[in-house]
Every structure is written in structure tokens, then in C-alpha cells.
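Novice: What follows is a single structure, and I will ask about it in a moment.
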Amino acid sequence: MIKILQIGLGPLGQKIGKFIVERKGIETIAAVDKNLDLAGQDLGNLLGLQNMSINIEPNIFTAIQKHKPDIAVVSTVSSLKHIVPTLEEIIKQGIPVVSTCEELCYPWEADVELANQLDELAKKHQVALVGTGVNPGFLMDALPTFLTAVCQQVDFVQVKRFQNARYRRLPFQQKIGVGLSLDKFEQQVNAGTLRHVGLTESMQFIARSLGWQLAHTEDIIEPVIAYNEVTTPAYTVPKGHALGVLQTGQAYVKQELKIELQFKAAIGIAESFDAISIKGTPNIQSTIAGGVNGDIATCAIIINTIPQLLRSSPGLKTMADIPLVACFS
């Protein structure tokens with residue numbers, strides 16, 4: 001039985017906790033959240049589950065010393081800079097880590113100093129760590145990279161992830177700017193609070209895997225505009241306001257566009273899908289009709305990574321290093 005310490009019990013952390021309960025061979029034995037309102041609460045009550053008596057603790061060091069977990073699952077923040085102190089505290093106690101931190105999925109280009117610092121610390125303490133999720137971590141980086149394995153030559157990689165946000169949870173709709181005026185949309189983009197984190201990391205992952213030296217990357221964020229008033233259970237979006245976001249990542253080798261990633265999430269998109277197009281020898285076209293549910297997939301990939309990471313050599317890993325399969329026993 002693999003013993004798990006969960007750190008971070010927001011909506012995603014809670015869903016991961018429920019998935020762990022449903023899976024054989026793993027169990028949560030301790031939980032930590034720095035929100036003092038949660039300290040002392042029972043994790044089972046928080047998850048709406050019975051027969052789970054785990055007190056949520058505010059201190060990582062104490063939880064590790066008391067419970068001796070095999071691995072930590074960290075679902076707290078998207079920023080590499082902000083998660084490093086948490087990761088270091090865990091690693092120094094000899095505990096491997098799998099995290100939902102988007103910038104941890106491929107951090108060597110954005111902050112090579114921090115990436116090397118984490119890699120060296122993990123090797124020193126003989127543990128592995130990895131950042132993963134549905135995106136980044138799989139759909140827009142690992143999966144298209146794996147598909148290039150059957151190509152003699154690759155000239156261009158394009159990935160599109162289009163999602164109808166009408167039926168997504170309210171926090172997701174808020175995150176993508178549904179209902180904002182174009183001025184407020186632009187303000188949030190400029191403030192860095194309205195964006196999908198990870199497109200740049202995904203492009204860098206693909207480029208490294210294919211041996212491409214990128215000259216530069218671009219991350220373009222635009223509103224999807226309502227041309228008529230749109231009403232949902234949560235919103236009435238006036239004409240001319242934002243229905244969601246279209247974010248395009250582009251990566252260039254010299255002056256040639258080699259990678260393009262499009263993430264579009266908005267109310268009323270006609271069709272949700274995930275599509276990969278590889279131009280090369282041969283050309284590859286792959287589409288997942290209806291798209292992959294992001295919440296389910298992120299929780300699943302976190303759990304499926306756990307046994308593989310425990311078998312991994314020490315250091316900071318990417319999903320190219322993890323032989324990933326669904327493990328049900």
C-alpha cells in the first residue's frame with residue numbers, strides 16, 4: 001500500500017483525495033493545508049466521505065515526521081517560484097513529490113537556476129519529483145511528442161484544445177474571463193491573472209524532445225467576443241463582452257514557426273475537442289472528439305504517476321521520463 005501525504009485541499013486537492021479513496025493500492029494517510037480554517041478538521045468530512053479519520057494539519061514537517069508517507073501530492077499553486085519552499089521542505093525529508101504546479105512541468109527555460117536547484121536537491125536526498133496534469137503535462141505536450149515517435153521527420157506541430165465552458169464550474173468560467181468587458185479583460189491579462197498557465201512550458205517540452213533550439217516564443221491572449229447577448233445559468237453576457245479566452249502559443253526555430261498551441265475556452269463553442277496535427281513524414285492527425293475532461297484527467301494523471309515516480313531515479317523529472325499507464329492494483 002502506497003502511503004500518500006496530500007498538501008493543498010482546494011477544489012482540485014479535494015477531488016484528488018476522492019480519487020485516491022476509489023483506487024486500490026494507495027491511501028491518503030495525512031493531509032496538510034496552510035489555511036488555518038481547515039486545521040483540525042477531518043479530511044473525510046471535507047471530502048464528504050465516511051470512515052476516514054484524518055485530521056488536517058497546518059505543518060508539513062510535523063505531518064511527515066508523524067506519519068512517514070511514501071510520497072507527497074502537492075496541489076497548491078501554479079508558480080514555480082512560490083512552490084519551491086514547499087518542495088524543498090518535503091524533499092529534505094526524503095519524500096518524493098508529484099505536483100499539479102504548471103510551471104514545474106518544464107521549468108528549465110523559464111528559471112534554469114531554480115530548476116537545477118531542485119534537481120540537485122532531489123538527487124542529494126535520493127528522491128524524484130515531477131509536475132504534471134492534463135495540460136500542461138499531457139494533452140498539449142507529452143501526447144503530441146509521443147505521436148512523433150512514428151515520424152521519420154517532423155516539420156511542424158500544432159495542438160488545439162477547444163472547450164465549451166457553458167457546463168464548466170463557475171470558478172473556471174471566472175478564470176477565463178466570461179462576462180468581462182473588453183477593457184476589464186485586457187486589464188486582467190496585463191495583470192497576469194487571466195491566462196492559461198503552461199503553454200510556454202509545453203512548447204519548450206516539445207522542442208527539447210524533438211531537438212529543436214527555439215529562437216523565441218510568443219504567448220498571445222485574446223477575448224472570445226459575444227456578437228449577441230448570451231445567457232447562462234450563471235451569467236448574462238452582453239453583446240461585445242467576453243465569452244472566454246483564446247490563447248495561442250507560438251514557438252520559432254530561427255524565423256520559422258515550428259510549434260503552435262491553441263487553447264480556447266468560451267461559452268457557446270460549437271464543439272469541444274482536442275486535436276493534434278503533425279506535419280512531417282508521415283503527417284499525423286489525431287482528434288479526441290468531445291475533448292478530455294480536465295478535472296478528471298488531472299486527478300487521474302496525478303494518481304497514475306505516483307507508482308511510476310516511486311520507481312524513478314532521483315532528480316527533477318518531466319513526463320518524458322515517466323512510463324505512464326493507468327494502475328488499478
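Novice: So Thr217 ticks every box in (1) among the polar types (S, T, N, Q); (2) out of contact with any Ser or Thr (no Cβ under 8 Å at 6 or more places or on another chain); (3) surrounded by 14 or more Cβ atoms within 10 Å (Cβ to Cβ); (4) farther than 17 Å from Asn293 by Cα but one. Which box is left unticked?
Specialist: With respect to (1) among the polar types (S, T, N, Q); (2) out of contact with any Ser or Thr (no Cβ under 8 Å at 6 or more places or on another chain); (3) surrounded by 14 or more Cβ atoms within 10 Å (Cβ to Cβ); (4) farther than 17 Å from Asn293 by Cα, Thr217 is out only on (2).
Novice: Hey, another quick one. Scanning the stretch 271-308 for residues that are touching a residue at least 40 places away in the same chain (Cβ under 8 Å) and of a type in the set (Ser, Thr, Tyr), which turns out surrounded by the fewest Cβ atoms within 10 Å (Cβ to Cβ)?
Specialist: Per the criteria, the residue is Thr281.
Novice: Regarding Gln163, is this residue farther than 26 Å from Ile2 by Cα and either in contact with a helix residue (DSSP H, G or I) (Cβ under 7 Å, 6 or more places away or on another chain) or of a type in the set (Phe, Trp, Tyr) (or both)?
Specialist: It is false that Gln163 is farther than 26 Å from Ile2 by Cα and either in contact with a helix residue (DSSP H, G or I) (Cβ under 7 Å, 6 or more places away or on another chain) or of a type in the set (Phe, Trp, Tyr) (or both).
Novice: Okay, moving on. So which helices (runs of 4 or more DSSP H) are wholly in the stretch 165-265 and hold at least 2 residues that are within 19 Å of the chain's Cα centre (by Cα), within 28 Å of Gly10 (Cα to Cα) and touching a residue at least 60 places away in the same chain (Cβ under 8 Å)?
Specialist: 170-175, 199-210
Novice: Is it the case that Asp321 is surrounded by fewer than 19 Cβ atoms within 10 Å (Cβ to Cβ), in contact (Cβ under 8 Å) with a residue 12 or more places away in the chain and assigned to a helix (DSSP H, G or I)?
Specialist: No.
Novice: If you don't mind, there's one more thing I want to ask. Provide a single number: the residues in the stretch 60-87 that are within 12 Å of Leu5 (Cα to Cα) and not basic (Lys, Arg).
Specialist: 14
Novice: Among what's in the stretch 22-44 and is at pLDDT 95 or above and aliphatic (A, V, I, L, M), pick the residue that is surrounded by the fewest Cβ atoms within 10 Å (Cβ to Cβ).
Specialist: Ile29
Novice: Considering the stretch 1-29 alone, what residues qualify as being of a type in the set (Val, Ile, Thr) and in a strand (DSSP E or B)?
Specialist: Listed by number, the residues that qualify are Ile2, Ile4, Ile7, Ile26, Thr28, Ile29.
Novice: Could you tell me which numbered condition Pro58 fails, if it satisfies all but one of (1) closer than 20 Å to Ile306 by Cα; (2) surrounded by fewer than 15 Cβ atoms within 10 Å (Cβ to Cβ); (3) in contact with a Lys or Arg (Cβ under 8 Å, 6 or more places away or on another chain)?
Specialist: (1)
Novice: Can you name the residue in the stretch 45-60 that is part of a helix (DSSP H, G or I) and at pLDDT below 95 and, of all such residues, is farthest from Asp295 (Cα to Cα)?
Specialist: Asn45
Novice: Only one of (1) among the polar types (S, T, N, Q); (2) surrounded by fewer than 23 Cβ atoms within 10 Å (Cβ to Cβ); (3) in contact with a strand residue (DSSP E or B) (Cβ under 6 Å, 6 or more places away or on another chain) fails for Gln163. Which number is that?
Specialist: For Gln163, the failing item is (2).
Novice: Please find, among Thr281, Thr305, the residue that is of a type in the set (Ser, Thr, Tyr) and assigned by TED's automatic domain parsing to the domain that holds Ala149.
Specialist: The unique qualifying residue is Thr281.
The values are calculated or read from the model by the stated rules, or taken from the named source; none is laboratory data. In this text, all values refer to a predicted model and were calculated from it rather than measured experimentally. Please note: Cβ atoms are built from the backbone with ideal geometry, for glycine as well, and neighbour counts cover all protein chains shown.
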